[in-house]
Amino acid sequence: MQIKKLHSWDISVKEAVKLQRGLSPKVKMQGFNKKIKTIAGIDCAFRADGEKIIACVVVLAAENFDVIETVYAVRGVKFPYISGFLSFREAPACLAAWEKLKTRPDCVIVDGQGIAHPRRLGLACHLGLFIDIPTIGCAKSRLIGDFTEPGLAKGSTSALINKGKTIGSVVRSRDNVKPLFVSVGHKCRLSDAVRIVLDCCVKYRLPEPSRIAHQTVTKLKLKIEY
């Protein structure tokens, strides 16, 4: 699967800040009304020493979440761990895996933030600009923003607010479980992102694409040498 070549990953922290600020206006928030037939999930795992990362992409049939295709890639980690710069550690491996895909999914759920990010360019946005398809950030924890706790029933939501603006939605994906933090990655609206995430949460807290990608990359981490 082809990706856009937007920039090099061999950059400093100062250059990364400038890059995030330059790319964030390119994120598109637009209606996504297409019937979803295939949906992908992306997740990563680091080696114990933190020097290498394995990224996995799974493509599922949207009607039953059967796995259509699974690919993965391993890359060395070259960027330091700093809050707000996750994409510079994970995206190179994610994109290397993406390029191996033969199936083009209709949209992607990424285990990470979208615009709910200090410079409005979380991992889901960064990947979305490279792959150029509707992309959703679905994180298990908050990076920035304030919110009131949503109701305890599945489907309850509350706004995630930063500097007076709504940057995401706090979503109860199952009754009485910790909420997820959903935000736009690229080429969708927040309402689309929330709807798709909830549609994919059939039995568990995590949406199926994220859950299966996480299970798969965890098994690969134990199985392969890297």
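The values are calculated or read from the model by the stated rules, or taken from the named source; none is laboratory data. On a predicted model such as this, the values are computed, not experimentally measured, just so you know. With ideal geometry, Cβ positions are generated from the backbone for all residues, glycine too; neighbour counts draw on all protein chains shown.
Per this entry, Val194 is counted among residues that are closer than 23 Å to Phe130 by Cα, part of a helix (DSSP H, G or I) and within 14 Å of the chain's Cα centre (by Cα).
The rows are residues; the columns are (1) surrounded by fewer than 17 Cβ atoms within 10 Å (Cβ to Cβ); (2) not hydrophobic (A, V, I, L, M, F, W, C).
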residue: Gly84; (1), (2): no, yes
residue: Thr103; (1), (2): yes, yes
residue: Asp106; (1), (2): no, yes
residue: Gln113; (1), (2): no, yes
residue: Val171; (1), (2): no, no
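Applying the set (1) in contact (Cβ under 8 Å) with a residue 24 or more places away in the chain; (2) in a strand (DSSP E or B) to Arg75 leaves exactly one unmet item: (1). The residue of region 81-116 that is farthest from the chain's Cα centre (by Cα), among those that are of a type outside the set (S, T, N, Q) and under 17 Å from Arg189 (Cβ atoms), is Asp106.
Check whether at least one residue in region 170-184 is in a loop (DSSP other than H, G, I, E, B), within 22 Å of Cys56 (Cβ to Cβ) and of a type in the set (A, V, I, L, M), and report yes or no. No; the residues of region 170-184 include none that is in a loop (DSSP other than H, G, I, E, B), within 22 Å of Cys56 (Cβ to Cβ) and of a type in the set (A, V, I, L, M).
Residue-level check: of (1) surrounded by fewer than 23 Cβ atoms within 10 Å (Cβ to Cβ); (2) at pLDDT 95 or above, His126 misses just (1).
Matching residues to (1) in a strand (DSSP E or B); (2) farther than 25 Å from Val194 by Cβ; (3) among the hydrophobic types (A, V, I, L, M, F, W, C); (4) out of contact with any Asp or Glu (no Cβ under 8 Å at 6 or more places or on another chain):
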| residue | (1), (2), (3), (4) |
| --- | --- |
| Cys44 | yes, no, yes, no |
| Phe65 | no, no, yes, no |
| Val71 | yes, yes, yes, yes |
| Ala93 | no, yes, yes, yes |
| Lys102 | no, yes, no, no |
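Here Val57 meets each of (1) modelled with pLDDT of 95 or more; (2) assigned to a loop (DSSP other than H, G, I, E, B); (3) closer than 26 Å to Arg211 by Cβ with one exception, condition (2). In summary, Asp199 fulfils each of the numbered conditions (1) touching a Phe, Trp or Tyr at 6+ places or on another chain (Cβ under 8 Å); (2) within 21 Å of Gln30 (Cα to Cα) with the single exception of condition (1).
Every listed requirement among (1) in contact (Cβ under 8 Å) with a residue 12 or more places away in the chain; (2) over 19 Å from Asp111 (Cα atoms) is met by Asn64 save one, (1).
Can you name the residue in region 175-226 that is basic (Lys, Arg) and closer than 26 Å to Ala73 by Cβ and, of all such residues, is surrounded by the fewest Cβ atoms within 10 Å (Cβ to Cβ)? Only one residue tops the list, namely Lys223.
No other residue among Ala93, Ala139 is buried (at least 21 other Cβ atoms within 10 Å of the Cβ), of a type outside the set (Asp, Glu) and closer than 16 Å to Trp9 by Cβ apart from Ala93. Which one of these does Ser8 not meet: (1) in contact with a helix residue (DSSP H, G or I) (Cβ under 9 Å, 6 or more places away or on another chain); (2) under 19 Å from Leu95 (Cα atoms); (3) part of a loop (DSSP other than H, G, I, E, B)? Of (1) in contact with a helix residue (DSSP H, G or I) (Cβ under 9 Å, 6 or more places away or on another chain); (2) under 19 Å from Leu95 (Cα atoms); (3) part of a loop (DSSP other than H, G, I, E, B), only one is false for Ser8: (1). The criterion of being among the polar types (S, T, N, Q) and in a loop (DSSP other than H, G, I, E, B) does not hold for Ser158. Every condition in (1) closer than 19 Å to Ala93 by Cα; (2) at pLDDT below 95; (3) surrounded by 16 or more Cβ atoms within 10 Å (Cβ to Cβ) is met by Ala48 except one, and the failing one is (3).
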